[in-house]
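A short write-up of the structure that comes next.
The values are calculated or read from the model by the stated rules, or taken from the named source; none is laboratory data. Only a predicted model underlies this, so the values are computations on that prediction, with no experimental measurement involved. Methodologically, a virtual Cβ is constructed for each residue, glycine included, from the backbone with ideal geometry; neighbour enumeration extends over all protein chains shown. Side chains included, ligands, DNA and RNA excluded: accessible areas come from the protein's heavy atoms. Shrake-Rupley method; radii C 1.70, N 1.55, O 1.52, S 1.80 Å.
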2 protein chains.
Amino acid sequence: MTKNKPVVRFTCPMPQTDFDTITIGHGSGGKLTRRLLDTMVFPLLNNEWLAGQGDGAVLNLHGRMAVSTDSFVVSPVFFPGGDIGDLAINGTVNDLAMCGAQPDFISLSFILEEGLPITELWEILLSIRNACDAAGVRVITGDTKVVERGKGDKIFINTTGIGRVHHGAKLGEAMVRPGDKVIVSGPLARHGIAIMSIRKGLEFETQILSDTRPLHEICRSLLYGYGGGIRMFRDPTRGGVATVLHEIADKARLGIDLDEKHIPVEDEVAGACEMLGLDPMYVANEGLFITIVDDGLAADILGDLQRWEHGAGAAIIGTITENHPGTVILNSAIGGKRVLPLITGEQLPRIC
Amino acid sequence: MTKNKPVVRFTCPMPQTDFDTITIGHGSGGKLTRRLLDTMVFPLLNNEWLAGQGDGAVLNLHGRMAVSTDSFVVSPVFFPGGDIGDLAINGTVNDLAMCGAQPDFISLSFILEEGLPITELWEILLSIRNACDAAGVRVITGDTKVVERGKGDKIFINTTGIGRVHHGAKLGEAMVRPGDKVIVSGPLARHGIAIMSIRKGLEFETQILSDTRPLHEICRSLLYGYGGGIRMFRDPTRGGVATVLHEIADKARLGIDLDEKHIPVEDEVAGACEMLGLDPMYVANEGLFITIVDDGLAADILGDLQRWEHGAGAAIIGTITENHPGTVILNSAIGGKRVLPLITGEQLPRIC
């Protein structure tokens, strides 16, 4: 098992084009659209399905398949540790991983704003290519639309993924039992803080990078090793860990007791959260997952997780309980207890 | 075979909400997002997959499946004969139909602009529900994002569809042979003209309605009846019939000879095109398809098509030829010949 894959980033000089920015004509479906796709998109992402270039792709599929969709509107589109391109691939790859699936195929749909510099589009396309390579997923079909200046914001990307579900996966809130343990795969809040630091022009001693990355291999290895001992996966993106735990408690009709002292937050991230007035429990993550596991297997699962580069900071942070169903209780380091509320609105808009 | 289904439009009063417009908080992933989905979306579209409400849906799929994606940015969002809601469902349903597939499952992803009136969102959701019912397709997973006022344009919708390909379908440019006939399923240019009439504030004696509608039943019945005699389907949306014929000629490395006098255009549409300075061959359609068929079966196929309500205006408009590969020639009613060019840019921006 390759737990620490060397990262070789594919790169390629931008092809010569006779346009510097996206124009309304690039969304026409005519000659300009074709030129954009033929010079920039197909050479980077090509495979047997994209080569067909019809109204859709035809696949041979057999068995339990997971399907997930997300539109990405993150602002700014470039941020420390990533950009909207790898975020859009990793986000959907991870939603499939949370269903216990291998990311096999993905669709890619752009809404471009007139005036988007071609150099920025190229950088995003390279990120998409690299994220696809890293996750082993193929772009099989796509779409490109252009809206007038001021009717969009540089680039929005929709990805929809399809992948085979692991045969041993029996996942979902219905599988969760009192006594099960809550594990988080690493330290919280990095993605949200990376975005906010750019928006607010903050500088920290060490730059905080987004944690955007694919999670399917680590999840698959847990399913392979522990089968039904893994009750469910969820990735705490928008709304953070607190929001996801609320949803789990709500749907499972069980309570969750959290140990504050075991919740992993890096010092720099904690400091940035304090400066920004944010609670790391509600800040978005893009390379993190929560798993609920059988109590008796929890220590082994934690040990396995910690052997992965991106699981080194994993921790058991709480326990499922029959008491207070639907409620998440935070047991503080100094012995207090408080109910973790579900926030109403948006703490950090356009984080993904 | 029900060729003229009575249309019973599902309707439902808008649920009580404590918000009148979309706010940034509706994209938070927290309580407001949940309230929006629970009051307006899930009750309208619910099924066993949406009920799960996880990171994705798990399906049992077997065999050849078509996958297609499209983002819809049409402006205005309401137009004569439809709105962005039914357009987004029918558009993807038709892309599946063009692959010879039955529309089974669809994902639905919204990018909402802050300030969108809830009454408009409700009307769009009702259209989505009705279009899904008409096509027999289920919404299995989705996403909702909100962008600030001035960073979007009311609502953009992405749909990605998955459907079983008909066992008799052997479709694509590679199947096209010299001598094959080109059939169009009805009169051209209605969708584009419906949109333009609103944008330009034009009034005609009779209002021209968009032709947005699902095409899978009619396509499936042709595949059932004629199998390999059907070489391919394409729907001439953005860029119209001319752009699609160009793509076919290009990919098949064959020429197309068109008979101008057989190309069906309604008088009112022709008049509107003249007034707007548009060529109906390049104007978008949303309920029309082109099929290339075996010469010996063309008359039978045309007869079958014409028995459908929406195929009544079908016509054989041209022939595939070995001469002038990659070129589409228009033979005019008065005996002239001209090459039909591929337009460069956008004749009608944001038409779908």
Cα convex hull volume per residue for segment A:24-165, in Å³, equals 102
Helix B:267-276: inclination vs chain B longest Cα principal axis, degrees, rounded to 10, gives 80
Helix B:190-199: inclination vs chain B longest Cα principal axis, degrees, rounded to 10, gives 50
Hull volume per residue for segment A:58-129, using the convex hull of the C-alpha atoms, in Å³ is 112
For segment A:24-165, percent of DSSP beta bridges that are antiparallel (nearest 5) comes out at 70
Whole-Hz Karplus couplings 3J(HN,Hα) for segment A:253-259, θ = phi - 60° and coefficients 6.51, -1.76, 1.60, Gly and Pro as x, run 6, 9, x, 10, 9, 9, 9
Measuring from the longest principal axis of the C-alpha atoms of chain A, the long axis of helix A:84-98 (C-alpha) lies at a number of degrees, nearest 10, equal to 40
Asked for the total accessible area buried by B and A (1.4 Å probe, Å², nearest 100), one would answer 5700
Here the equivalent ellipsoid of segment A:173-339, derived from its Cα gyration tensor, has semi-axes (largest first, whole Å) of 26, 19, 13
For segment A:200-216, Karplus-derived ³J(HN,Hα) couplings (6.51, -1.76, 1.60; θ = phi - 60°; whole Hz; x for glycine and proline) come out as 8, x, 7, 10, 10, 4, 10, 5, 8, 9, 4, 8, 4, 5, x, 10, 5
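Kirkwood Rh over Cα pairs of the protein assembly as shown into Stokes-Einstein at 4 °C, 1.567 mPa s: D in µm²/s?
Diffusion coefficient, whole number: 49 µm²/s.
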Label model pair A:ASP133, B:ASP279: point-to-point distance (7 angstrom along the Cα→beta-carbon line) in nm is 4.3
What the Cα atoms of chain B span along the principal axes, largest first and in whole Å, is 65, 49, 36
Note to self: with every protein chain in place and a 1.4 Å probe, the protein assembly as shown gives an accessible area per residue in Å² of 38
Across chain A, qualifying lysine pairs (alpha carbons under 23 Å, at least 8 places apart or different chains) come out at 11
Short to long, in 5 Å steps from zero, the percent of alpha-carbon pairs of segment B:219-287 per bin is 3, 13, 19, 22, 21, 13, 6, 3, 1
Dividing the helical contributions, -39500 (n - 2.57) per DSSP H run of n ≥ 4, by the residues of chain B yields a 222 nm value, nearest 500 deg cm²/dmol, of -8500 deg cm²/dmol
With Rh as the Kirkwood radius over Cα pairs, segment A:256-352 has Rg/Rh of 0.96
Once all protein chains are kept in place, B:MET65 shows an accessible area at probe 1.4 Å, nearest 10 Å², of 0
Ordered by number, the residues of segment A:153-173 that have at least 40 Å² less accessible area in the complete protein assembly than on their own chain alone (1.4 Å probe) are A:PHE156
Largest-first ranking of B:SER221, A:SER109 by accessible area, probe 1.4 Å, whole protein assembly kept, is B:SER221, A:SER109
Label points for B:LYS200 built 7 Å along Cα→Cβ; distances to same position in the other copies, nm, shortest first, come to 5.2
Carbon plus sulfur, as percent of the 1.4 Å-probe accessible area of chain B, comes to 50
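Estimate the FRET efficiency between A:SER332 and A:GLU48 by the formula 1/(1 + (r/R0)^6), using the beta-carbon distance for r and 41 Å for R0, to the nearest 0.05. Please list the in-between numbers first.
Values: r = 56 Å, r/R0 = 1.36.
For A:SER332 and A:GLU48, the calculated efficiency is 0.15.
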Restricting to Cα pairs under 8 Å and 6 or more apart, the percent relative contact order of segment A:24-165 works out to 39
Distances in nm between the label point of B:MET14 (7 Å along Cα→Cβ) and its equivalents in the other copies, shortest first, are 4.4
Once B:VAL58, B:VAL269 are ranked on solvent-accessible area with the largest value leading and a 1.4 Å probe, the list reads B:VAL58, B:VAL269
Interchain or sequence-distant (5+) residues whose placed amide H lies within less than 5 Å of the amide H of B:VAL146 are B:GLY27, B:LEU112
Heavy-atom accessible area of A:LEU61, protein chains in place, probe 1.4 angstrom, given in Å² to nearest 10, is 0
Note, segment B:310-316: 3J(HN,Hα) by Karplus (6.51, -1.76, 1.60, θ = phi - 60°), whole Hz, Gly/Pro = x, goes 8, x, 4, x, 5, 7, 7
FRET efficiency for B:GLN16 and A:LEU209 from the Cβ-Cβ distance with R0 = 30 Å, rounded to 0.05, comes out at 0.10
Of segment B:258-296, those with amide N under 15 Å from the point 7 Å along the Cα→Cβ vector of B:LYS200 are B:268-284
Computed over segment A:43-95, the convex hull of the Cα set has an average projected area, in nm², of 5.4
Expressed as a whole number, the average count of other chain Cβ atoms within 10 Å around the Cβ atoms of A:110-116 is 2
The distance between the Cα centres of segment A:230-301 and segment A:83-118, in whole Å, is 23
Rounded to two decimals, the Rg over Rh value of segment B:146-242 from Cα coordinates and the Kirkwood Rh reads 1.07
Placing +1 on each Lys and Arg Cβ and -1 on each Asp and Glu Cβ in chain B, then taking the dipole about the Cα centre, the residue among B:GLY311, B:ILE343, B:LEU215 whose Cα reaches farthest towards the positive end is B:LEU215
